[in-house]
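Q: Could you have a look at this structure, given as C-alpha cells, before my questions?
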Amino acid sequence: MNNTIVILFFLSLLLNLFFLLLVTVFLARRGGVSYLSQKILPSKSAQNNYSVYYLHKKSQFEILPKSDSGIIFLGDSLTDEGEWGELLENPNLKNRGISADTTDSVLNRLNAVVASKPKKLFLMIGINDFINAHKSVEQTLTGYQHLLTELRNQTPNTKVFIQSVLPVNNQVTRYWQDNKNILQLNLQLKEVAKEFSYEYIDVFSHLSDSQNQLDARYTQDGLHLNGQGYLMWKQAIEKYVKE
C-alpha cells in the first residue's frame, strides 16, 4: 500500500513538472514575461501612458465625418457602452465615450469631439477621477471646470447638458467608492452648470436606491449598467434630447 502511494506521488510530481515545462516552452516561444504581462495587464502606450484603446478611439473620432446637427454623448465607459442612437431612436446621436476616461483625458481629446460644433452635448464624467486617478472632490471639480471652460471656448453655441455622476453599489462592486463624495460632487456640479449657463440633469436619483447606492437591479458589477439601467438613464434625459 505504501509503495503504491509513493509511486502515485512521483507520477503526479512528474506530470506536474512536465506540464510546467510545456507552459515554460509555450511562453518562451511567445516572448516570455513580456507576452504574459501583455495578456494580464492593460495595454498602455508610451505616449502619456494612455491606453491603446483610448488612442485608437481618439484617432477614430478625429477622422469621422463632422456634422453641426449632431448630438454628442461624451464620457467614460458608462457612455461608451450605451447604444444611444438606437436607445433614443435618433440617428444623429454620436457616441464619444471612452472607457476609463477622466476629466483630464476627456480634455485631452476635446478638440476632435467638438470640431463639428455640435448642436447639443451630453456630458457625464468624473467617477474615474475617484477610482483611477484617486482625486478628491475638489480636484475632480477643478478638472471639470477646466474641461467646461475649454468646451465653452471651442464651441460657444453648443447646448451643453451636465449629467450627474452616478453612484456605485458597494455591496457588489470591486470599485468601492464613498457615495457621499459623489453626492457632494453632484451638488457642486449643479452650481457649476449655472455658472456656465449649462443645463444640469439629475440622473443619479433615477438609478440610486434608498441608500444612495446604484440600484442592484441596474448593474451586474456595481459600477456599469445593464439594459434596464440604460432605460432608466434614457427616461432621465429623453426630453432634453428631443426638445
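The values are calculated or read from the model by the stated rules, or taken from the named source; none is laboratory data. As the structure is a computational prediction, the values presented were derived from the model and not from experiment. Here the Cβ positions follow ideal geometry from the backbone for every residue, glycine too, while neighbour counts run over all protein chains shown.
Q: Can you confirm whether segment 148-164 contains a residue that is among the acidic types (Asp, Glu) and within 24 Å of Ala216 (Cα to Cα)? Steps first, please.
A: Taking segment 148-164 and keeping what is among the acidic types (Asp, Glu), we get 150.
Remaining after also requiring within 24 Å of Ala216 (Cα to Cα): none.
No, because not a single residue in segment 148-164 is among the acidic types (Asp, Glu) and within 24 Å of Ala216 (Cα to Cα).
Q: Here are Leu185, Leu223: which of them is in contact (Cβ under 8 Å) with a residue 60 or more places away in the chain, of a type outside the set (Gly, Ala, Ser) and crowded, with 20+ Cβ neighbours inside 10 Å? Explain how you work it out, then say what you get.
A: Details: Leu185 fails: in contact (Cβ under 8 Å) with a residue 60 or more places away in the chain.
Among Leu185, Leu223, only Leu223 is in contact (Cβ under 8 Å) with a residue 60 or more places away in the chain, of a type outside the set (Gly, Ala, Ser) and crowded, with 20+ Cβ neighbours inside 10 Å.
Q: Select from segment 117-137 the residues that are buried (at least 22 other Cβ atoms within 10 Å of the Cβ) and under 21 Å from Leu187 (Cβ atoms) and list them in ascending order.
A: Listed by number, the residues that qualify are Phe122, Leu123, Met124, Ile125, Gly126, Ile127, Asn128, Asp129, Phe130.
Q: Out of (1) exposed (fewer than 14 other Cβ atoms within 10 Å of the Cβ); (2) more than 30 Å from Asp68 (Cα to Cα), what's the single condition that is false for Tyr218?
A: Status for Tyr218: all satisfied but (1).
Q: Output yes when any residue across segment 109-116 is more than 21 Å from the chain's Cα centre (by Cα) and surrounded by 18 or more Cβ atoms within 10 Å (Cβ to Cβ), and no when none is. Steps first, answer last, please.
A: Kept after step one, since they are more than 21 Å from the chain's Cα centre (by Cα), are these residues of segment 109-116: 115-116.
This time we only want the ones that are surrounded by 18 or more Cβ atoms within 10 Å (Cβ to Cβ), so: 116.
Scanning segment 109-116, I find at least one residue that is more than 21 Å from the chain's Cα centre (by Cα) and surrounded by 18 or more Cβ atoms within 10 Å (Cβ to Cβ), so the answer is yes.
Q: Would you please list the contacts, defined by Cβ atoms under 9 Å and residues six or more apart or on different chains, that run from a residue in segment 168-181 that is without any contact (Cβ under 8 Å) to a residue 60 or more places away in the chain and closer than 14 Å to Gly126 by Cβ to a residue that is assigned to a loop (DSSP other than H, G, I, E, B) and among the hydrophobic types (A, V, I, L, M, F, W, C)?
A: Going by the 9 Å Cβ cut-off, the qualifying pairs are Val168/Trp176; Val168/Leu223; Tyr175/Val168; Tyr175/Leu223; Gln177/Val168; Gln177/Leu223; Asn179/Val168.
Q: Moving on to the next point. Phe161 - would you say it is among the aromatic types (Phe, Trp, Tyr), crowded, with 16+ Cβ neighbours inside 10 Å and out of contact with any strand residue (DSSP E or B) (no Cβ under 9 Å at 6 or more places or on another chain)?
A: Values: among the aromatic types (Phe, Trp, Tyr): yes; crowded, with 16+ Cβ neighbours inside 10 Å: yes; out of contact with any strand residue (DSSP E or B) (no Cβ under 9 Å at 6 or more places or on another chain): no.
Judged against the criteria, Phe161 is not a match.
Q: Let me confirm something: among Leu148, Leu141, which residue is closer than 15 Å to Lys194 by Cβ and surrounded by fewer than 21 Cβ atoms within 10 Å (Cβ to Cβ)?
A: Values: Leu148 fails: surrounded by fewer than 21 Cβ atoms within 10 Å (Cβ to Cβ).
It is Leu141.
Q: Among the listed residues Glu191, Glu150, Glu89, Glu138, which satisfies the condition of being among the acidic types (Asp, Glu) and touching a Leu at 6+ places or on another chain (Cβ under 7 Å)?
A: The unique qualifying residue is Glu150.
Q: Considering only segment 188-241, state which residues are basic (Lys, Arg) and either farther than 26 Å from Pro91 by Cα or modelled with pLDDT under 95 (or both).
A: Taking segment 188-241 first, the residues basic (Lys, Arg) are 190, 194, 217, 234, 239.
Lys190, Lys194, Arg217, listed by residue number.
Q: For segment 1-88, please list each of the helices (runs of 4 or more DSSP H) lying entirely inside it that holds at least 1 residues being at pLDDT 95 or above. Full working, then the answer.
A: Details: elements: 2-29, 33-40, 52-63, 77-80, 84-87.
So the answer is 52-63, 77-80, 84-87.
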